[in-house]
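> The structure under discussion is supplied below as structure tokens; questions concerning it will follow.
The values are calculated or read from the model by the stated rules, or taken from the named source; none is laboratory data. Everything numeric in this text was worked out from a predicted model, so none of it was measured. Heads up, the Cβs are rebuilt from the backbone with ideal geometry, glycines too, and the neighbour counts pull from every protein chain shown.
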Amino acid sequence: MPATASLKNHDLSELLTPHLNEWVALSSDYQQIIASGDTLKDTMEKVKKEQKENVVFHKVIPPNYAPTYV
């Protein structure tokens, strides 16, 4: 069985919408937000205080975001 066979699509829109433009730390099963903050550093510090391991860090960007290159 290929390693990618166990990957699942997760609809995180309801979970992440309240955290637009923030960093979040998700549980490894993507079912809950462990911590959030304005910066990755802040979020990592909160996770450390919670003594959580195996988290996934993610920057939540607005759905209509399109980067502009000059």
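Condition check ((1) touching a strand residue (DSSP E or B) at 6+ places or on another chain (Cβ under 6 Å); (2) of a type in the set (S, T, N, Q); (3) in a loop (DSSP other than H, G, I, E, B); (4) modelled with pLDDT of 95 or more) across all residues:
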| position | (1), (2), (3), (4) |
| --- | --- |
| Val24 | yes, no, no, yes |
| Gln31 | no, yes, yes, no |
| Thr43 | yes, yes, no, yes |
| Lys49 | no, no, no, no |
| Glu53 | no, no, yes, no |
| Pro67 | no, no, yes, no |
| Val70 | no, no, yes, no |
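> Mind checking which pairs have a first residue in region 13-32 that is without any contact (Cβ under 8 Å) to a residue 40 or more places away in the chain and a second that is polar (S, T, N, Q), Cβ under 7 Å, 6 or more apart or different chains?
Glu22/Ser36; Trp23/Ser36; Trp23/Thr39; Trp23/Thr43; Val24/Ser36; Val24/Thr43; Ala25/Thr43; Ser28/Asn54
> Just to be sure I understand, how many residues within region 49-63 are surrounded by 10 or more Cβ atoms within 10 Å (Cβ to Cβ) and either free of Cβ contacts under 8 Å to residues at least 40 places away in the same chain or aromatic (Phe, Trp, Tyr) (or both)?
6
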